[in-house]
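Participant: Here it is: the structure, laid out below.
The values are calculated or read from the model by the stated rules, or taken from the named source; none is laboratory data. This structure is a prediction, so every number in the text was calculated from the model and none was measured. Note: ideal-geometry Cβ built from the backbone for every residue, glycine included; neighbour counts use all protein chains shown. Accessible surface is based on the protein model in full, side chains and every heavy atom, while ligands, DNA and RNA are left aside. Shrake-Rupley method; radii C 1.70, N 1.55, O 1.52, S 1.80 Å.
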Amino acid sequence: MYKRAQQGWAKHLDFMLLDVLCLHLAFWMAYVIRHGMGVSPYTVSAYRGLVVVMTVADLCAAILFDSMKQVLRRGWYIELAQTVKHSALVFGILVIYMFSLQTSVEYSRIVLYLTLGLHIVFGFAVRVLWKKWLRRKGGLVHQRAMLVVADAATAESMIGSLKERTDEAYRITGVVIPGVENGSVLDVPVVCSVSEAAGYICREWVDEVLFAVDQPTPETEKLLSQCREMGVVIHEVLELQNEAGHHRFLEKIGSYQVLTSSVNFATPMQATLKRLMDIFGSIAGLLLTGVVALWIGPKIKKESPGPIFFTQERVGKNGKRFRMVKFRSMHLDAEERKQALQSQNRISDGMMFKLDFDPRIIGNEILPDGSTKTGIGDFIRRTSLDEFPQFWNVLKGDMSLVGTRPPTVDEWEKYELHHRARLATKPGITGMWQVSGRSQITDFEEVVKLDTQYIYNWSMGLDLRILLQTVKSVLGRDGAL
């Protein structure tokens with residue numbers, strides 16, 4: 001979903017946070033040089049307000065002016081020029097702030113000038129050292145899994161070129177070569193034949209597919225079409241015709257100019273804002289989770305002895321598996337009893353599992369007269385309190401506040417190719433399907449339609465609208481989550 005050409009949100013966020021720390025260090029040292037060690041600048045009321053504006057100015061300069069763009073590829077001279085430019089932008093915003101509020105007389109000019117100079121020195125040094133550390137580790141921590149589809153004649157040179165670039169945000173996990181079914185190329189395994197590649201992509205962790213086929217065949221053209229159907233990000237060395245529903249842009253992979261196709265993408269600024277919203281939202285959510293746990297934890301243990309948390313393997317973005325955590329709303333043997341209840345599943349095709357009345361839920365019971373009673377399990381599911389621990393998954397980066405519902409492994413194994421498009425973005429605690437009234441939707445194809453609609457039309461505004469609808473649904477206790 002996100003624009004891979006810009007290395008992803010993780011790299012930009014790392015450098016942005018480091019630059020904020022450098023700015024604060026520069027400000028503190030400038031104040032100490034001017035006024036001595038007696039008083040901390042953070043205790044002086046006039047400077048406290050300036051610190052807040054300074055921090056916001058630093059983030060704005062990085063996000064709005066994209067000053068961290070291609071940061072890993074910049075040489076020393078360009079990095080120094082960009083550091084000076086970034087610091088000048090921050091200082092310019094501060095000057096406008098002080099001029100507008102006519103507060104410049106409250107601050108020492110020496111402190112401000114020293115802050116600017118020290119910020120340039122510290123910022124440049126930290127960027128250079130951080131880039132060296134990343135390269136020593138063999139690239140970025142948050143790397144994307146890439147599958148290469150290439151001709152036998154060009155596969156070795158292409159993979160060699162790609163592996164030389166340790167500053168790239170991808171990791172080559174396999175190669176597909178027409179006419180070759182096994183073996184390896186420069187220690188990269190040939191994972192399958194072209195005819196089996198769609199199934200491999202659908203079942204394994206694959207973020208992106210790089211096509212570098214000089215002479216397309218019906219098999220490779222079919223695979224290309226199948227990748228679009230699955231919502232996989234595609235990089236094409238060959239020029240292709242535009243198709244509706246896909247965003248295309250030119251970028252560079254190693255030394256190759258490629259045409260990238262994606263169901264949607266976000267600019268670095270948008271991706272960073274979404275991740276920042278996830279981080280701050282998950283921190284607030286975890287604080288609430290702690291309060292909720294103190295209240296419902298003992299009730300869960302009283303009605304069903306055992307742990308209050310439940311973890312389950314789910315399938316996340318592009319097939320990456322993770323452990324999702326929730327408050328336990330079901331008895332410990334719920335998974336074992338699931339098979340016996342399949343005949344009551346409201347989702348006729350079995351792609352998901354929903355019951356009108358689930359006896360596995362803690363407190364749920366069918367009485368002798370045929371009536372039913374519920375307990376704490378039904379309550380926390382109906383009010384969505386069971387979802388709160390998932391803020392931990394959001395903070396870790398496995399999930400987002402807004403996204404698609406992460407399928408269980410057994411659901412995922414039944415996916416057809418077009419179902420895989422749901423995995424083109426991070427799963428979310430809430431999403432388009434959830435706020436559209438999930439309890440009334442019994443057709444999995446309708447779920448897929450809503451999820452892909454979210455991915456195709458993604459924007460920060462759409463995320464905010466879904467979050468507001470979610471809050472409204474939870475407060476109304478209609479079980480929309």
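Participant: What single numbered condition from (1) within 23 Å of ILE362 (Cα to Cα); (2) touching an Asp or Glu at 6+ places or on another chain (Cβ under 8 Å) fails to hold for ASP386?
Facilitator: The one condition ASP386 does not meet is (2).
Participant: Among the strands (runs of 3 or more DSSP E) confined wholly to the stretch 220-323, which include 1 or more residues that are modelled with pLDDT under 85 and out of contact with any Cys (no Cβ under 7 Å at 6 or more places or on another chain)?
Facilitator: 247-253, 256-262
Participant: Test each condition in (1) open to solvent by 50 Å² or more (accessible area, probe 1.4 Å); (2) under 29 Å from the mean Cα position of the chain (by Cα) for PRO407 and report the one that comes out false.
Facilitator: Tallying (1) open to solvent by 50 Å² or more (accessible area, probe 1.4 Å); (2) under 29 Å from the mean Cα position of the chain (by Cα), PRO407 fails exactly one: (1).
Participant: Looking at the stretch 425-439, can you tell me whether even one residue there is open to solvent by less than 30 Å² (accessible area, probe 1.4 Å), in a loop (DSSP other than H, G, I, E, B) and at pLDDT below 85?
Facilitator: yes
Participant: Just one of (1) in contact (Cβ under 8 Å) with a residue 24 or more places away in the chain; (2) farther than 23 Å from CYS227 by Cβ trips up LEU423, so point out which.
Facilitator: So LEU423 meets the others, but not (2).
Participant: For the stretch 462-472, give me the residue count where each residue is within 16 Å of GLY281 (Cβ to Cβ) and surrounded by fewer than 16 Cβ atoms within 10 Å (Cβ to Cβ).
Facilitator: 5
Participant: From LEU112, LEU80, LEU50, LEU94, which residue is open to solvent by 30 Å² or more (accessible area, probe 1.4 Å), assigned to a helix (DSSP H, G or I) and touching a residue at least 24 places away in the same chain (Cβ under 8 Å)?
Facilitator: Among LEU112, LEU80, LEU50, LEU94, only LEU80 is open to solvent by 30 Å² or more (accessible area, probe 1.4 Å), assigned to a helix (DSSP H, G or I) and touching a residue at least 24 places away in the same chain (Cβ under 8 Å).
A quick yes/no check of all residues on (1) within 31 Å of the chain's Cα centre (by Cα); (2) in contact (Cβ under 8 Å) with a residue 12 or more places away in the chain:
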site	(1), (2)
PHE280	yes, no
LEU288	yes, yes
PRO307	yes, yes
GLY319	yes, yes
VAL325	yes, yes
ARG360	no, yes
GLU365	no, no
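Participant: Another question, then. If you scan the stretch 159-180, which residues turn out to be open to solvent by less than 10 Å² (accessible area, probe 1.4 Å) and either modelled with pLDDT under 85 or touching a His at 6+ places or on another chain (Cβ under 6 Å) (or both)?
Facilitator: Once the filter is applied, which keeps residues that are open to solvent by less than 10 Å² (accessible area, probe 1.4 Å) and either modelled with pLDDT under 85 or touching a His at 6+ places or on another chain (Cβ under 6 Å) (or both), the stretch 159-180 yields LEU162, GLU168, ALA169.
Participant: Of all the residues that make up the stretch 268-320, how many are open to solvent by 50 Å² or more (accessible area, probe 1.4 Å) and either farther than 18 Å from VAL471 by Cβ or in contact with a strand residue (DSSP E or B) (Cβ under 6 Å, 6 or more places away or on another chain) (or both)?
Facilitator: Total satisfying the criteria: 17.
Participant: Can you tell me which residue within the stretch 388-404, out of those that are out of contact with any Phe, Trp or Tyr (no Cβ under 9 Å at 6 or more places or on another chain) and assigned to a helix (DSSP H, G or I), is most open to solvent (accessible area, probe 1.4 Å)?
Facilitator: TRP392
Participant: Just one of (1) modelled with pLDDT under 80; (2) surrounded by 14 or more Cβ atoms within 10 Å (Cβ to Cβ); (3) assigned to a helix (DSSP H, G or I) trips up SER100, so point out which.
Facilitator: So the condition that SER100 fails would be (2).
Participant: Right, another one. Looking only at the stretch 204-216, how many residues end up being at pLDDT below 90 and either outside any loop (DSSP other than H, G, I, E, B) or touching a Pro at 6+ places or on another chain (Cβ under 6 Å) (or both)?
Facilitator: Residues in the stretch 204-216 being at pLDDT below 90 and either outside any loop (DSSP other than H, G, I, E, B) or touching a Pro at 6+ places or on another chain (Cβ under 6 Å) (or both): 1 in total.
Participant: Ok, one more. Among the residues of the stretch 181-192, is any polar (S, T, N, Q) and at pLDDT 85 or above?
Facilitator: yes
Participant: If I ask for residues that are open to solvent by less than 90 Å² (accessible area, probe 1.4 Å) and either under 33 Å from the mean Cα position of the chain (by Cα) or in contact (Cβ under 8 Å) with a residue 24 or more places away in the chain (or both), which ones from the stretch 18-34 would you list?
Facilitator: Of everything in the stretch 18-34, those that are open to solvent by less than 90 Å² (accessible area, probe 1.4 Å) and either under 33 Å from the mean Cα position of the chain (by Cα) or in contact (Cβ under 8 Å) with a residue 24 or more places away in the chain (or both) turn out to be LEU18, ASP19, VAL20, CYS22, LEU23, HIS24, LEU25, ALA26, PHE27, MET29, ALA30, TYR31.
Participant: Filter the stretch 446-455 down to the residues that are open to solvent by 10 Å² or more (accessible area, probe 1.4 Å), of a type outside the set (A, V, I, L, M) and at pLDDT 85 or above and list them by number.
Facilitator: LYS449, THR452, GLN453, listed by residue number.
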